[in-house]
């Protein structure tokens, strides 16, 4: 059996781990949190910090690894590209391009140079310089650590006092010690995910994004995005421009964007699988086997044998169950009508488990289908009020 390495072992990597095993691979995982459930699902776990490029390269060489697949984290994409480049493996972008696309300051520099739509921004390596800029900037602004994901190190500031606090937080969390201050754009936040094959778009999925408990953390998504047809061609053009210009390999390319006055402003991008098992929903809506294609592409395999099925649903989504505060979880429950729509539930924190940060930790994820878009999008905004979470 060919031995491959899949970085990290959260719930988000489990579908990739299991699919790789179904495809006949011996799966090794790594990461510095051995308690994560994905490591138990793998054939072998070797502890290491998956964001440490040199350490993972050494692990690969010392353990007969023959291919690498990124996890649902930007650091994993960068590490995978570094390892593949040093090993001479196909299936990954260059290390330089991986950094460009997964460090917010670098991808935004690229967008600006190419005249592609993204909010105005400035990048700072000094807290004092960032604060000096914010004395006279136009508010509101969004302050971001340039190298983090999942809402970490991001805050909106309405005034100078809030900006100072946000800058301190972002610099404290950033590994690269670079912070981006971005114009805040009021609009509809959505995402597009495509699978590139030979620098052409093989399949497209889209979603509405809902950040309800925490304005910087995706709590729910509904598929497809509303009014997506109005921006699809513009987004495809940007993606194809990038694919050709950077020589991107086969695989996932995703943008998060905000639509204002008909223009989709790109605020983030990714070349990886996602948290919250959202590839599952892309599978459901398109019939395309995203996980298998993702693994094949990462291992430099041909995609010619990929078989799509009929879509299982036209309207679907996911929702992360979150509490209103910290404490020990007593229980949570779904109303009957939501339970009937739910086709999968993934529990992250069992009853009796502790919630340490209610603004980032999700007790569970539910995956649901609807018969029409209007009802789905109307009801999802009320889930926080209707799904009961009890703390001890």
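List of remarks:
- Which numbered condition residue 68 misses (of (1) more than 20 Å from residue 273 (Cβ to Cβ); (2) crowded, with 21+ Cβ neighbours inside 10 Å): (1)
- Scan region 2-44 for residues that are in a helix (DSSP H, G or I) and either surrounded by 24 or more Cβ atoms within 10 Å (Cβ to Cβ) or in contact with a strand residue (DSSP E or B) (Cβ under 7 Å, 6 or more places away or on another chain) (or both) and the total you get is 8.
- Members of region 273-295 found to be buried (at least 18 other Cβ atoms within 10 Å of the Cβ) and without any contact (Cβ under 8 Å) to a residue 60 or more places away in the chain, listed by number: 283, 289
- Residue match in region 104-124 (condition: surrounded by 23 or more Cβ atoms within 10 Å (Cβ to Cβ), under 30 Å from residue 262 (Cα atoms) and out of contact with any strand residue (DSSP E or B) (no Cβ under 7 Å at 6 or more places or on another chain)): no
- Flag for residue 75 being crowded, with 19+ Cβ neighbours inside 10 Å, modelled with pLDDT under 95, out of contact with any strand residue (DSSP E or B) (no Cβ under 6 Å at 6 or more places or on another chain) and outside the structural domain of residue 198 (by TED's automatic domain parsing): yes
- Residue satisfying condition, being outside the structural domain of residue 213 (by TED's automatic domain parsing) and either closer than 21 Å to residue 270 by Cα or not in a helix (DSSP H, G or I) (or both), within set 106, 129, 161: 106
The values are calculated or read from the model by the stated rules, or taken from the named source; none is laboratory data. All values derive from a computational prediction rather than experimental measurement. Backbone-built Cβ (ideal geometry, glycine too); neighbour counts: all protein chains shown.
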